[in-house]
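Asks: Can you read through this structure? Questions will come right after.
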Amino acid sequence: MNRRAFARRLLLLAAGAVLPDSSRLVKAAESIPNAVDTHAHIFRRGLKLADARRYAPDYDAPLADYLRQLDAHGIARGVLIQPSFLGTENSHLVEGLRRAAGRLRGVVVVEPGVSPAELAALDKEGVVGIRLNLIGQPLPRFDAMPWPALLARLREMRWQVEIQTEALNLAAVAAPLLAAGVNVVVDHFGRITPKMGIDDPGFRFLLSKEAAGTRRLWVKLSGAYRNGDDGRGEEIALAAAPLLLAALGPERLLWGSDWPHTQFERTANYATARAQLDAWVPDPAQRRTILADTPAELFRFR
């Protein structure tokens, strides 16, 4: 399928996603009462920003707007991911979890020396993991303290470590985390290098026995636009999805809207994000696993 045909298909799918009587997409979503959106952000202007940041939005993305998106698209639950521009100041995310009263889970950003007491407090609020947003950042030395102690604690708590990094770094980051026994979640198809596409060695690592074979690695089918401009990211996603399904199975794949699509607000929307999953995963049974069964277990909604 060429880019023009793919774009036309997505437009049709997205149109169906917002026309309640014309699309199998809406019917499929409505038949999955426990569907989970595993990747979204909330924030507002005026929050304390991280000193080191690539970007900060000039608008608000409030919890109420996100919950309305979930309701409009037949998604029962969601996961709030701490955005990189807020650093380790997780209080706004935690407040969102409280206000959502059990409908949401959270993934936070912490310093590696965070105390067990602070982790325990976050756990009680519905936090289930930490995020390592390493785009443009030096890679951690997981063999140097305090990382070993933190990873041991995360393993005991059954928390995940979510990674956002360029695909070429995935083996260097994910392999030691998997060796430490923690669950690893990889964002946005692995942030594949646009020029390499599915031949990117980092993406190929995700398909390997060293990664997929552990059964402790999950990949998010989300944010395809972050892997290339002018339709390249969507083209890569369409090629990558069947390879991920074959290597990991739907039991280790997740879907996320990436709402509010930071830095892509003008070209992305929730309806298209939801419709894309149906293009990537045509089989309804596999979609049900990805949307409901897999995230329910990993994010502890059960």
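No lab work stands behind these numbers, since they all come straight from the coordinates. In this text, all values refer to a predicted model and were calculated from it rather than measured experimentally. Heads up, the Cβs are rebuilt from the backbone with ideal geometry, glycines too, and the neighbour counts pull from every protein chain shown.
Asks: Between residue 166 and residue 179, what length comes free when the chain is fully extended (0.36 nm per residue of separation minus the Cα-Cα distance, one decimal in nm)? Don't jump to the answer; show the numbers that get you there.
Replies: Working: separation 13, 0.36 × 13 = 4.68 nm, distance 2.01 nm.
Gain on stretching residue 166 to residue 179: 2.7 nm.
Asks: Further, regarding this structure: Evaluate Rg over Rh across segment 154-206, taking Cα atoms for both radii and Kirkwood's formula for Rh.
Replies: On the way: Rg = 11.6 Å, Rh = 11.4 Å.
Rounded to two decimals, Rg over Rh is 1.02.
Asks: Fewest to most neighbouring Cβ within 10 Å: what's the order for 37, 229? Walk me through the intermediate numbers first.
Replies: Numbers: 37 28, 229 11.
Exposure proxy ranking, most exposed first: 229, 37.
Asks: Give the Kirkwood hydrodynamic radius (Å, one decimal) of segment 82-227, defined as one over the mean of 1/r across all pairs of different Cα atoms.
Replies: On the way: mean 1/r = 0.0634 Å⁻¹.
Here the Kirkwood hydrodynamic radius works out to 15.8 Å.
Asks: On to the next question. Rg and Dmax of segment 199-294, using alpha carbons, in Å: what are they?
Replies: Gyration radius and largest Cα-Cα distance of segment 199-294: 13.2, 39 Å.
Asks: Using a Förster distance of 25 angstrom, determine the FRET efficiency expected from the C-beta separation of residue 98 and residue 264, and round it to 0.05.
Replies: Numbers: r = 29 Å, r/R0 = 1.15.
With a Förster radius of 25 Å, E is 0.30.
Asks: Shifting gears a bit: Give the aspartates and glutamates reachable from residue 195 as a straight Cα distance under 18 Å; neighbours fewer than 8 places away on the same chain don't count.
Replies: Filter leaves 166, 229, 230, 234, 235.
Asks: Kindly put 81, 163 in sequence by how many other C-beta atoms sit within 10 Å of each C-beta, fewest to most.
Replies: Values: 81 27, 163 21.
Fewest-to-most Cβ neighbours within 10 Å comes out as 163, 81.
Asks: Next question. Which order do 75, 290 fall in if you start with the one that has the fewest other Cβ atoms within 10 Å?
Replies: Numbers: 75 23, 290 28.
Neighbour counts put them in this order, fewest first: 75, 290.
Asks: Based on the alpha-carbon set only, what is the convex hull volume of segment 38-111 divided per residue, in Å³?
Replies: Values: hull volume 6.8 nm³, N = 74.
Here the figure is 91 Å³ per residue.
Asks: Normalised by the number of residues in the chain, what is the relative contact order in percent for Cα pairs under 8 Å and 6+ residues apart? Working shown, then result.
Replies: Values: 534 pairs, mean separation 58.8, N = 302.
Once divided by the residue count of the chain, the mean separation gives 19 percent.
Asks: Further question: Within the chain, which whole H helices from DSSP have a Cα span along their axis of at least 18 Å and a mean Kyte-Doolittle hydropathy of -1.0 or more, if any? Mind showing how you got there, number by number?
Replies: Working: long enough: 3-18 (23 Å, 0.80); 232-248 (23 Å, 1.22).
Flagged H segments are 3-18, 232-248.
Asks: May I pose another question? Could you compute Rg(Cα) / (2.2 N^0.38 Å) for the chain, with N its residue count? Each step should come with its number before you reach the end.
Replies: Working: Rg = 18.0 Å, N = 302, 2.2 N^0.38 = 19.3 Å.
Dividing the Cα radius of gyration by 2.2 N^0.38 Å gives 0.94.
Asks: Can you tally the net charge around residue 97? Count Lys and Arg as +1, Asp and Glu as -1, for every other residue whose Cβ sits under 13 Å from the Cβ of residue 97.
Replies: On the way: positive: 77, 98, 99, 103, 105, 124, 300; negative: 95, 123, 125.
Result for the neighbourhood of residue 97: +4.
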